[in-house]
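Asker: There's a structure below that I have some questions on.
The values are calculated or read from the model by the stated rules, or taken from the named source; none is laboratory data. These numbers come from a predicted model, not from an experiment. A quick note on method: Cβ atoms are made from the backbone with ideal geometry, for glycine too, and the neighbour counts reach across all protein chains shown.
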Amino acid sequence: MKGTLRMLRILQWTMLGSILLYVVIGEVLGTGGRPADPSLSYVFSTASVAIVGVIFVVRRTLVLRSAETLATRPDDALTLRHWKSGYIATYALCEALALFGLIQRFLGFTLQRSLLYYVGGFALLLFFGPREPVRTGAAAQIPPPPTGGSDN
């Protein structure tokens, strides 16, 4: 569990750094001369809303459910893989939001337009940092299952 948590934190911080790199790349290599098609803005906005929705679904179905199980059974390998996969999928989707900003810069959008996607991806990635599953509420009052052995 500790190794997985550490790996996810490293991945999160690496992806946060890559978003900052996208901003720099977009400013250095982005095309500022040609105007962008304004209808593309609606496409990116719609796709972004859909991605944010998927982020919350992935978190609810993979991360939060797996965290509940891991709080009581931290050595469950399958649940740990689901938990880890949920975080990785969440981070990939947050990164996709930031990539929308970079794509917009290459298509000729202004920094102000692209900044919304950079900041959105960065903020979600920062907000959804990996947390060690803990027993809360009713689950905290239920004793953990026996680890085996005899009661003799």
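Asker: Which one of the conditions (1) more than 19 Å from the chain's Cα centre (by Cα); (2) free of Cβ contacts under 8 Å to residues at least 24 places away in the same chain; (3) surrounded by fewer than 13 Cβ atoms within 10 Å (Cβ to Cβ) does D37 fail to meet, given that it meets all the rest?
Answerer: (2)
Asker: State which residue pairs qualify: first residue more than 15 Å from A96 (Cα to Cα) and inside segment 50-69, second residue charged (D, E, K, R) and surrounded by 14 or more Cβ atoms within 10 Å (Cβ to Cβ) in any location, beta carbons under 7 Å apart, and separation of 6 or more residues or different chains.
Answerer: From segment 50-69, the pairs are T69/D76.
Asker: Here's something else I'd like to know. Is it the case that S45 is surrounded by fewer than 16 Cβ atoms within 10 Å (Cβ to Cβ), closer than 15 Å to Q112 by Cβ and free of Cβ contacts under 8 Å to residues at least 40 places away in the same chain?
Answerer: Spelling it out, S45 is indeed surrounded by fewer than 16 Cβ atoms within 10 Å (Cβ to Cβ), closer than 15 Å to Q112 by Cβ and free of Cβ contacts under 8 Å to residues at least 40 places away in the same chain.
Asker: Tell me, yes or no, whether segment 68-88 has at least one residue that is modelled with pLDDT of 90 or more and over 15 Å from T4 (Cα atoms).
Answerer: no
Asker: From V57, V52, grab the single residue that is assigned to a helix (DSSP H, G or I), within 16 Å of the chain's Cα centre (by Cα) and closer than 14 Å to G121 by Cα.
Answerer: One residue alone meets the criteria, V52.
Asker: May I ask you to verify whether G3 is within 18 Å of E132 (Cα to Cα), part of a helix (DSSP H, G or I) and of a type in the set (G, A, S)?
Answerer: Yes.
Asker: Then there's this: Restricting to segment 73-126, and then to whatever is crowded, with 16+ Cβ neighbours inside 10 Å and of a type in the set (S, T, N, Q), can you tell me which residue is nearest to the chain's Cα centre (by Cα)?
Answerer: Checked segment 73-126; the qualifying residue nearest to the chain's Cα centre (by Cα) is T90.
Asker: So which residues in segment 1-28 are of a type outside the set (K, R), more than 17 Å from the chain's Cα centre (by Cα) and surrounded by fewer than 16 Cβ atoms within 10 Å (Cβ to Cβ)?
Answerer: Listed by number, the residues that qualify are M1, G3, L21, V24, I25, E27, V28.
Asker: So, one more: Is there a residue in segment 127-149 that is modelled with pLDDT of 90 or more, in a helix (DSSP H, G or I) and loosely packed, with under 14 Cβ neighbours inside 10 Å?
Answerer: The answer is yes; a qualifying residue exists.
Asker: Of the conditions (1) in contact (Cβ under 8 Å) with a residue 60 or more places away in the chain; (2) within 30 Å of M1 (Cβ to Cβ), R113 fails just one. Which one is it?
Answerer: Going through the list (1) in contact (Cβ under 8 Å) with a residue 60 or more places away in the chain; (2) within 30 Å of M1 (Cβ to Cβ), R113 breaks only (2).
Asker: Now for a separate question. (1) out of contact with any Pro (no Cβ under 8 Å at 6 or more places or on another chain); (2) closer than 28 Å to R34 by Cα: which one isn't true of G108, the others all being true?
Answerer: The one condition G108 does not meet is (1).
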